[in-house]
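Reading through the structure tokens given below for one structure.
Where a number appears in this text, it was derived from the coordinates with a stated rule and is not lab data. Just so we're clear, the structure is a prediction, and the values are computed from it rather than from any experiment. Cβ placement follows ideal geometry from the backbone for every residue including glycine, while neighbour counts extend to all protein chains displayed.
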Amino acid sequence: MGNVLYPEDIDKFHRLGVGSVTALSLIAPHSFEDRRLSHELFHNSSCVIDATVERVVRTSKTLKITFFAHSLECVIEGVVFHPKPYMIHQFPRGERAFFSGKAQWELGKWTIVHPMKISAVGSLVPIYKTPLRVDVMRRLVKKYIHSDNLIADGLPQNIAEELYGLHFPNVPKTMNESQLHALKFAELFEYMRRLRRKRRYHKTSYKASGDVKQWMKTLPFTLTTDQQNSIAEIESDLRGEYASRRMIVGDVGSGKTMVILAAVVLMQPYRSILMAPTTILAAQLYEEAQKFLPNLRIALVTHATKKAPLDEYDFIIGTHALLHRPLPEAGLVMVDEQHRFGTAQRHALTKLTENDTSPHYLQFSATPIPRTQAMIDSAHIDVSLIVQTPFTKNIDTRIIGKSDFPSLLKHIRSEIAQNHQVLIIYPLVEQSETINYQSIDEARGYWEKNFENVYVTHGKDKEKEAVLMAFRERGDILLATTVVEVGISLPRLSTVVIVGAERLGLSTLHQLRGRVSRTGLQGYCYLYTNKSAVRNFVGRILLKMRK
């Protein structure tokens, strides 16, 4: 039956505020009434007896009943205080039935306080606190809460069985750890299902027809299995009836660029637009697109390019400048390194190209922002994972301090001698009285004096993109801030040194560490801190990275 409700029960589910069998199972019993036949009595504990009523005496304040308990083979007196008139009819003389109440040992004899005739015997009866009457709620639970129903509703078998046992235990017991886990799992499962139902789908007339398989055969290398799987998922989206909303998550250096280009091929004959966070990244993507998409007309849009019409191009690559240009109609909109853009910026890009039939929308990143991650988790957008990398990334990550500086210098000289490059990240551009680390301005004199081909850039540097391009071709050491977190491809870069590593978040550390070993070089990441008290903290970050 799964999540199908009988018509006569829909109102009951509505009054409970639930809409599925799983949601009903989340209403755990408040307590249990033990209705198993008692073969022994305990003081101040509930009991159930199989008894015959031998005598009933009514006084002004009590109703006394003499029982012969067959299961205990003894006479027991029951007492009801302040009885209502109807209660005397529950105990007709000579009737044999099952009675429950609280047993008390007083003055050398057993008494049952407030005995009550019951019908369901031999089980633990759940007590629920709900808007429904207790017996109605019990019948509803008994009708719907079965392992098969819960499994049919989408829950794993072990979770379904734990939830069933929570409502119908064999012995009285408190909730155990596995039942608590099952409740948490089911609660999250139900929450995610409700969120999925809120996802909005928009029909599109842009249906892909490009031959991506033929294009992949023209490449001088073979794409990884993860790249091919992601392309297949994108192809299914782009050929579908509804506009795609997909996030492609891949580690730094996993080959997301080739997936972007494959999506452009798939989208043919419709136009594609890609927004990147920096000019240098946009330029790199432009170079890759020209190399691997020779038959397409490709435009690069930055603040420095002329504002010429873009209607004649098949693929438009640009920075934030795209948001300030009139854009032609496009079937596919993509955002690379989406965590570097705000929600409003990404939304504005789709609005610039939207018409009555929405374009497909793809986002790419190694570290999705929390909002996007939440949308992935709630299935508001689809996700493709690229775990494999075209080259084996071998990055040796170490935590270092002041005492390790001589060995660090030795390592840097060794790497430069092998024609490798070194990146040193500083937390500051200028000296600060509050932060106990050197700034770029303070440190650059030492590096420029002792090494050749030292380049310097930071976020306030208007020429940073030109500096990065020059460093890629001729540099040995680059001093920079986290401005190089994304958007720079340096095939010869083997070492990154992050000064004041404990000041950065895990996402930024991950991106900076991913700058090295992108083409199979042995990589080195040095997390530098001059505060011994934070080494354990950085160590925990390092463990997460290694995982």
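When each of the peptides 304-316, 19-31 is scored by the mean number of other C-beta atoms lying within 10 Å of its residues, the order from highest to lowest reads 19-31, 304-316. Note on the chain: the C-alpha convex hull projects to 38.6 nm² when averaged across all orientations.
Relative contact order of the chain, please, whole-number percent, based on alpha carbon pairs below 8 angstrom and at least 6 residues apart. Please report the intermediate quantities before stating the final value.
Values: 982 pairs, mean separation 60.6, N = 547.
That works out to 11 percent.
Here's the picture: a label point sits 7 Å out from the Cα of THR52 along the beta-carbon direction, and within segment 98-136 the residues with their amide nitrogen under 20 Å of it are 98-100, 112, 116-118. If R0 is taken as 25 Å, the Cβ-Cβ distance between GLU77 and VAL134 corresponds to a FRET efficiency of 0.35.
Going through the cross-link list LYS64/LYS102; LYS402/LYS464; LYS464/LYS531; LYS84/LYS129; LYS12/LYS143; LYS64/LYS84, which pairs have a Cα-Cα distance over 20 Å in this structure?
Violating the 20 Å limit, Cα to Cα: LYS402/LYS464; LYS464/LYS531; LYS84/LYS129.
Which order do the peptides 55-68, 136-149, 252-265 take when ranked by the mean count of other beta-carbon atoms within 10 Å per residue, highest first? Before the final figure, lay out the partial values.
Values: 55-68: 14.9, 136-149: 17.6, 252-265: 23.3.
Packing order, densest peptide first, comes out as 252-265, 136-149, 55-68.
If you place +1 on the Cβ of every Lys and Arg, -1 on the Cβ of every Asp and Glu, and leave all else neutral, what size is the dipole of the chain about its Cα centre, to the nearest 20 Debye?
The calculated dipole for the chain is roughly 1100 debye.
Between SER178 and ILE118, the distance separating the two model label sites (each 7 Å from Cα on the Cα→Cβ line) works out to 2.7 nm.
If R0 is taken as 45 Å, the Cβ-Cβ distance between SER60 and ASP148 corresponds to a FRET efficiency of 0.25. Helical content alone sets the calculated 222 nm signal of the chain at -10000 deg cm²/dmol, taking -39,500 (n - 2.57) per DSSP H segment of four or more residues and averaging over every residue. Using 0.36 nm per residue and subtracting the Cα-Cα separation, the extra length available between LYS207 and THR392 on full extension is 63.0 nm.
Ranked highest first by average number of other Cβ atoms within 10 Å, how do 79-90, 517-528 line up?
Result, highest mean Cβ count within 10 Å first: 517-528, 79-90.
Model label points for LEU506 and ASN44, set 7 angstrom from Cα along the Cα-to-Cβ axis, are 5.0 nm apart. Model label points for ASP34 and SER403, set 7 angstrom from Cα along the Cα-to-Cβ axis, are 6.4 nm apart. Could you compute the FRET efficiency for ARG325 and TYR446, with r as their C-beta to C-beta distance and R0 at 51 Å, rounded to 0.05? Computed FRET efficiency for ARG325 and TYR446 comes out at 0.70.
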